[in-house]
Amino acid sequence: MPTASPDLGSAVRTHQRWGRIVVVGVIAGFTSGLFGVGGGIVIVPALVMVARFPHKLATGTSLGAIVPISVAGIVGYATAGEVDWTAAACVAVGAVAGAVAGTRWLLRISTPVLQLGFATAMVLTAAKMFVDDGSGAGRSGLTLGMALALIALGLASGVLAGLLGVGGGIIIVPVLTLVFGLPLVLAKGTSLAVILPTAVIGTLRNRQSRLTALRPAAVVGLAGIGSAYVASRLSIGLDPGLSQALFAGLVTVAAVRLAGAGLAGLRAGPAAGGPADDGIPESGEA
């Protein structure tokens, strides 16, 4: 009875892997559009756990994928007038500087520590979204103090983006709602407007360090364009309480799984977390 050749089996596994990466992009795009985050909150753990990417490569690849996804989400929110462009510009100033710093530190941080840091950020996000009712009345006129506070918010989100491969929305959305009084939908659209330049700068920096796999990033990003736009339009009419409950549940599950991987890596020592192959590039090469 004939059996499949080893080369054929490897090709099948590779196609299955790329198929899973496409699914990751669709889910990430929907998450991005619905919640105003870049999608890295899905992309990074999914590339690590589903596609078996080394964590740092998943982090860098995620930022590249976020670029087209965030563009689609911005279009969805902006056409409904749900972007505060002035606030976005202030946050973006700090976010770009923070992304440069975060991508520089990425090379110096151990993978398990990075995983635990990402898990912690997701848990904090879930907690914030549980307590936020999303009914802000909007910010007052822009003062110097408010502008500086928005820049500081951007700096924090940019560092997080560079280190963890997320667009920074998991910080931007809750803070814009809780501290600056933006309604939840407006905060989501504004967050995506900040995420775009942050992701572009972070990707350019990661390419210099060979921490971005361009083909997987392109596949994830392009696969998520349609779902990001559709989800952004759905988000405009979605009940804020339901949106926050769904978001909190998603990040809690992902945080638990990623924290488990990080703890396992710390117990196993430096040899843990090696990269896999199966036709997916582990360097920044396309």
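The values are calculated or read from the model by the stated rules, or taken from the named source; none is laboratory data. Keep in mind that this is a model prediction, so the values were computed, not measured. FYI the Cβ positions are ideal-geometry reconstructions off the backbone, even for glycines, and counts take in every protein chain you see.
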Inset, instruction - Output yes when any residue across segment 53-63 is assigned to a helix (DSSP H, G or I), touching a Gly at 6+ places or on another chain (Cβ under 8 Å), within 27 Å of residue 242 (Cα to Cα) and of a type in the set (S, T, N, Q), and no when none is. - result: yes
Inset, instruction - Being under 30 Å from residue 190 (Cα atoms), among the small types (Gly, Ala, Ser) and modelled with pLDDT under 70 is the filter here, so list the residues in segment 232-283 that pass it. - result: 254
Inset, instruction - Would you be able to say whether some residue in segment 59-76 is over 27 Å from residue 256 (Cα atoms), buried (at least 21 other Cβ atoms within 10 Å of the Cβ) and not small (Gly, Ala, Ser)? - result: yes
Inset, instruction - Can you work out which of the residues in segment 191-246 that are outside any helix (DSSP H, G or I) and aliphatic (A, V, I, L, M) is surrounded by the most Cβ atoms within 10 Å (Cβ to Cβ)? - result: 213
Inset, instruction - Please work out if residue 67 is over 21 Å from residue 31 (Cα atoms) and part of a helix (DSSP H, G or I). - result: no
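What's the total number of residues in segment 95-107 that are buried (at least 24 other Cβ atoms within 10 Å of the Cβ) and at pLDDT 75 or above?
The qualifying residues number 2.
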